[in-house]
1. Go through segment 14-38 and give me each residue that's under 16 Å from residue 74 (Cβ atoms) and either more than 9 Å from the ligand (Cβ to nearest atom) or surrounded by 14 or more Cβ atoms within 10 Å (Cβ to Cβ) (or both).
2. Is it the case that some residue within segment 54-74 is in a loop (DSSP other than H, G, I, E, B), within 16 Å of the ligand (Cβ to nearest atom) and modelled with pLDDT of 90 or more?
3. Among the residues of segment 1-13, what is the count of those that are farther than 17 Å from residue 72 by Cβ and within 15 Å of the ligand (Cβ to nearest atom)?
4. List every residue pair whose Cβ atoms lie under 7 Å apart, where the two residues are 6 or more positions apart in sequence or sit on different chains, the first residue falls within segment 34-54 and is farther than 20 Å from residue 2 by Cα, and the second residue, located anywhere, is at pLDDT below 95.
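The values are calculated or read from the model by the stated rules, or taken from the named source; none is laboratory data. The structure presented is a predicted model; accordingly, all values stated were derived computationally and were not measured. All Cβ positions, glycine included, derive from the backbone under ideal geometry; neighbour counts span all protein chains shown.
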Ligand SMILES: [Zn+2]
């Protein structure tokens with residue numbers, strides 16, 4: 001699943017849009033278009049754990065494919081180690 005997200009660079013710290021491939025991976029590597037520094041986006045805090053339960057109860061019929069994640073307006077990034 002690809003999702004366009006707004007990220008905040010840990011280094012400059014400007015914000016920019018990046019289309020991320022959201023998978024089972026917990027972390028995604030991105031590169032800031034302004035200062036060209038690599039950054040790590042941690043997706044784990046935005047994963048909604050309750051999805052399985054809601055699907056099981058049949059209350060999730062109209063849910064979109066990105067229902068599993070709930071992202072803030074701007075995602076923080078951190079330095080790649
Ligand atoms: Zn930057």
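1. Hits for segment 14-38 are 15, 16, 17, 18, 19, 20, 28, 30, 32.
2. Yes, segment 54-74 contains at least one residue that is in a loop (DSSP other than H, G, I, E, B), within 16 Å of the ligand (Cβ to nearest atom) and modelled with pLDDT of 90 or more.
3. Residues meeting the conditions: 2.
4. From residues that are farther than 20 Å from residue 2 by Cα, the pairs are 54/60.
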